[in-house]
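This report concerns only the one structure given below.
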Amino acid sequence: MATDKELSDFLVSVEKRAFKRTVYTVRDEDAALDIVQDAMIRLAEKYATRPVAEFPMLFQRILSNATMDWFRRRKVRQAVEQNMSDFEGADSGDGTDFDLLEMLETVEGSLGAESAADTVGREQILLKIEQEVAQLPTRQREAFLLRYWEELDVAETASVMGCSEGSVKTHCSRAVHALAKSLKAKGIAP
């Protein structure tokens, strides 16, 4: 059974990575913040009495479910807006920007001591990588981010995604091969 301090310490330890992962998935910082906060609240309200060792998996599953719920709500909202715009003749464009470099800044808020040329080169490579990850199919992107960004093992990733371990391996393999092929075509070698 976890204490309030253990729960609080756990939430503090995962909040930044959870936010970054969610921003990367939904491409909307405000929505990502809401999703992560909702997931944290759900963990605290429903699972606070669980052992601390169960928190990481529970939280990842809650966060994934909250993200999928957001996508479902957005899909419905967009359908309603589209139907309304058919009547009104209005255009409902959403020009949200996403900056991978903002997410990769160090805790101090700076990119470290490097030359301007190194910074520009790294920025260009990171932008290309971000674009290619964004092009991955949803399940491949989710498996890739959970395995390599969140550093979950295959069993944990399967549990979070609600699929078999074999499916996780397949999704990750396809994602890695697709990324390697597309990045190599853009001149980025591992």
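The values are calculated or read from the model by the stated rules, or taken from the named source; none is laboratory data. It should be emphasised that the depicted structure is a prediction, and the values quoted were computed from it without experimental measurement. Here the Cβ positions follow ideal geometry from the backbone for every residue, glycine too, while neighbour counts run over all protein chains shown. Heads up: the accessible areas ignore ligands, DNA and RNA and are worked out on the full protein's heavy atoms, side chains in. Shrake-Rupley method; radii C 1.70, N 1.55, O 1.52, S 1.80 Å.
Filtered by the rule that a residue be assigned to a loop (DSSP other than H, G, I, E, B) and open to solvent by less than 90 Å² (accessible area, probe 1.4 Å), region 1-16 gives Ala2, Thr3. Residue count for region 137-155, restricted to those that are assigned to a loop (DSSP other than H, G, I, E, B) and surrounded by 20 or more Cβ atoms within 10 Å (Cβ to Cβ): 1. From the list Asp69, Asp94, Asp118, the one residue that fits, being open to solvent by 60 Å² or more (accessible area, probe 1.4 Å), acidic (Asp, Glu) and modelled with pLDDT of 60 or more, is Asp118. Of note, Arg74 satisfies the criterion of being of a type in the set (Lys, Arg), open to solvent by 30 Å² or more (accessible area, probe 1.4 Å) and modelled with pLDDT under 85. Inside region 39-64, can you point out the residues that are open to solvent by 70 Å² or more (accessible area, probe 1.4 Å) and within 15 Å of the chain's Cα centre (by Cα)? Once the filter is applied, which keeps residues that are open to solvent by 70 Å² or more (accessible area, probe 1.4 Å) and within 15 Å of the chain's Cα centre (by Cα), region 39-64 yields only Arg61.
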